[in-house]
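Below is one structure, written out as structure tokens, with a few remarks after it.
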Amino acid sequence: MASNLTTPEETTPPTIGLHGIIIGGSISGLSAAIALRRAGHRVTVLEKDSTITEKLSRGFRIAPNLHKILCEWGLEAELKEISSKPKTMNMLSYNNGTYLGSLTWDKEVLKETGGEFRLTTYSALWSLLYRETISQGVCVRFGTKIVSLKTRSISPSVSLESGETVYADLLIGADGVNGLTRKYISASAVPPDDHAHNDKSCGKDQPAYGEAKHGARIESAKFKMFSASIPKKSIINDPQLAYLINRRENDMFVWIGHEHSAIGFPSGNSSDFFLSVYGLESGVQARDLQHVLYGAESSLLKLSRIASETFSSLTYAPLIHESVLETWVDGSLVVIGEAAHPLPMAPF
Ligand SMILES: Cc1cc2nc3c(=O)[nH]c(=O)nc-3n(C[C@H](O)[C@H](O)[C@H](O)COP(=O)(O)OP(=O)(O)OC[C@H]3O[C@@H](n4cnc5c(N)ncnc54)[C@H](O)[C@@H]3O)c2cc1C
């Protein structure tokens, strides 16, 4: 996908004063890069992975607030091409599939939110943002892992794993919930674990991690989330499941149960139906989707069977409640996205 991954900085729009380093090149990092560049600042994005592959096959709901911003950036037409617009979210019982009700994205609701609710894939959204980032003249460097930061120095900087130091006026932590920058925010920061080497490379102006006021990291170890991309054609060809795609193109489905839930949707342009399941780990085979789905209605069980039969892409993540940060700023560092406010557990 991103082959020539180091890109030259271009000259449009014109640069004024500040240089911002963004740590993390996912959705938040690229969005922040576009916003800063549009405001005329020089921006460098440093992403530790050499390609963004992990989350590529995941379905992605674009909430109205994101849609609104993308439209403001002139990306409405491109966004339409990569996404579909569901009208309704149907709610079903997790245990027996009974229809419980539905939520419709009425005109009044959309007017209030100021944007549309759309469905796409992580891959398509990331690519759209990446193209825009590059066209704005942002320098994106892949395979560059940050190992420490100087946030309170008069010359803020980041140190890369390679030993290189990059200086900037502003550091933006968009490195996700398990990233490094969250740990530099003094209030409620997660205690250091295996990052001992970072302490050595921190400047004297830097508070040692041990001095930070550590909040609890509430590990919801029992809860797991699975995401699967299942070929649409294998669903359409199954009379029991065809309603998920045929009944009303692009509708979303939410299954609600006690300590379990699931969400499924077909994204208009993708050949896959996306399913995410949230449930309790109740045994040794925690990574087995069918095991987590024990007791679920037959459509969900069938979807999980198809997912394993068709070798559908299946990802698994333990759900961890990070403590809430009391501030998102430390010196010249600001944290954004999942680094600032990790994903809550509910599927909607
Ligand atoms: C299964 C699942 C489904 C989701 N579905 C939706 C949805 O439908 N709609 C929605 O709005 N959101 C959804 N989300 C949340 C959404 O994916 C995130 O909010 C989004 O990815 C933005 O996250 P981010 O950019 O802040 O962090 P992340 O996506 O976590 O990215 C952090 C980036 O920082 C990089 N990084 C980490 N450490 C370093 C380092 N030391 N140096 C350099 N780079 C580093 C990582 O490699 C990564 O690329 C979903 C999340 C999950 C897990």
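Values for this structure:
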item: Residues of region 293-334 satisfying the condition of being modelled with pLDDT under 70 and buried (at least 20 other Cβ atoms within 10 Å of the Cβ); result: Ser312, Glu322
item: Filtered residues of region 59-111 (kept if farther than 24 Å from Val254 by Cβ and either within 16 Å of the ligand (Cβ to nearest atom) or assigned to a helix (DSSP H, G or I) (or both)); result: Ile69, Leu70, Cys71, Glu72, Leu75, Glu76, Ala77, Glu78, Lys80, Glu81
item: Where a residue in region 65-76 is within 12 Å of Leu110 (Cβ to Cβ) and its partner, wherever it lies, is aromatic (Phe, Trp, Tyr) and part of a loop (DSSP other than H, G, I, E, B), with Cβ under 8 Å and at least six apart; result: His67/Phe117
item: Residues satisfying the stated conditions in region 47-58, i.e. within 9 Å of the ligand (Cβ to nearest atom), under 19 Å from Ile134 (Cβ atoms) and in contact with a helix residue (DSSP H, G or I) (Cβ under 9 Å, 6 or more places away or on another chain); result: Glu47, Ile52
item: Pair list, Cβ < 9 Å and 6+ apart or interchain, from region 108-122 residues that are modelled with pLDDT under 85 to residues that are not in a helix (DSSP H, G or I); result: Val109/Leu103; Val109/Phe117; Leu110/Glu116; Leu110/Phe117; Thr113/Ala63; Thr113/Trp105
item: Yes/no for Gly279 being surrounded by 17 or more Cβ atoms within 10 Å (Cβ to Cβ) and modelled with pLDDT under 90; result: yes
item: Residues of region 92-107 classified as touching a residue at least 24 places away in the same chain (Cβ under 8 Å) and polar (S, T, N, Q), total; result: 3
item: Condition broken by Asn198, with the remaining ones in (1) modelled with pLDDT of 90 or more; (2) over 18 Å from Trp328 (Cα atoms); (3) buried (at least 16 other Cβ atoms within 10 Å of the Cβ) satisfied; result: (1)
item: Residue list for region 136-162, restricted to those being within 11 Å of the ligand (Cβ to nearest atom) and small (Gly, Ala, Ser); result: Gly143, Ser148, Ser159
item: Complete set of residues in region 135-180 that are buried (at least 20 other Cβ atoms within 10 Å of the Cβ) and part of a helix (DSSP H, G or I); result: none
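The values are calculated or read from the model by the stated rules, or taken from the named source; none is laboratory data. Quick caveat: nothing in here was measured; it's all calculated off a predicted structure. Don't worry about glycine lacking a Cβ; one is built from the backbone with ideal geometry, like all the others, and counts go over all protein chains shown.
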